[in-house]
1. Could you work out the mean projected area of the convex hull around the alpha carbons of segment 12-89, in square nanometres to one decimal?
2. What are the ³J(HN,Hα) couplings of segment 24-30, residue after residue, when phi is run through the Karplus curve with 6.51, -1.76, 1.60 and θ = phi - 60°? Round to Hz, x for glycine and proline.
3. From the phi angles alone, apply the Karplus equation (6.51, -1.76, 1.60; θ = phi - 60°) to segment 58-65 and give each ³J(HN,Hα) in whole Hz, x where the residue is Gly or Pro.
4. Determine the calculated [θ] at 222 nm for the chain from helices alone, applying -39500 (n - 2.57) to every DSSP H run no shorter than 4 residues and normalising by the residue count; nearest 500 deg cm²/dmol.
5. Taking a 1.4 Å probe, which of LEU81, LEU89 shows the most accessible area, and what order do the others take after it?
6. Please identify the trypsin sites (Lys or Arg not before Pro) of segment 5-68 that satisfy two criteria: DSSP loop assignment and at most 10 other Cβ atoms within 10 Å. Which are they?
7. Under 17 Å between alpha carbons, and skipping anything fewer than 8 positions from LYS3 in its own chain: which aspartates and glutamates qualify?
8. Only four residue types carry charge here, +1 at the Cβ of Lys and Arg and -1 at the Cβ of Asp and Glu. Report the dipole size of segment 28-77 about the Cα centre in Debye, rounded to the nearest 20.
Amino acid sequence: MTKAQKAHYDKVARLGCSLCRFVLKIEDTPTEIHHIRRAGKRVDAPVIGLCPIHHRGSNTGVHGLGRSAWESLYSTTEEELLSMTLEIL
Ligand SMILES: [Zn+2]
Ligand SMILES: [Zn+2]
């Protein structure tokens, strides 16, 4: 990871969970970095912050549910959360 990338991840993490913040209107939840999968290398993937519940929870997390079930459960998409994140960064 480059220094610039690390700095970017830190900034994203400081915003808290993007789903909590933008959809549930809860701020400052503990945050993990989630890579949004697109074509190409993982290292170049865009990232959003997600709390452990929305990241890894088996019935609540993007990795537990799978991307499309997770997106329909919360009526949002990873890409939407990404653009809102980048807007306030
Ligand atoms: Zn959350
Ligand atoms: Zn993830």
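1. Projected over every direction and averaged, the Cα hull of segment 12-89 covers 4.7 nm².
2. Calculated HN-Hα couplings, in order: 9, 6, 10, 9, 6, 7, x Hz.
3. Each residue of segment 58-65 in turn: 5, 10, 10, x, 5, 7, x, 8 Hz.
4. -13000 deg cm²/dmol
5. Putting LEU81, LEU89 in descending order of accessible area: LEU89, LEU81.
6. Taking segment 5-68 and a limit of 10 other Cβ atoms within 10 Å, the loop trypsin sites (Lys or Arg not before Pro) found are LYS25, LYS41.
7. Straight-line reach from LYS3, under 17 Å: ASP44.
8. 280
The values are calculated or read from the model by the stated rules, or taken from the named source; none is laboratory data. Fair warning: this is a prediction, and the values are worked out from it, not measured in the lab. All Cβ positions, glycine included, derive from the backbone under ideal geometry; neighbour counts span all protein chains shown. To get the accessible areas, we keep the full protein, side chains included, count just its heavy atoms, and leave off ligands, DNA and RNA. Shrake-Rupley method; radii C 1.70, N 1.55, O 1.52, S 1.80 Å.
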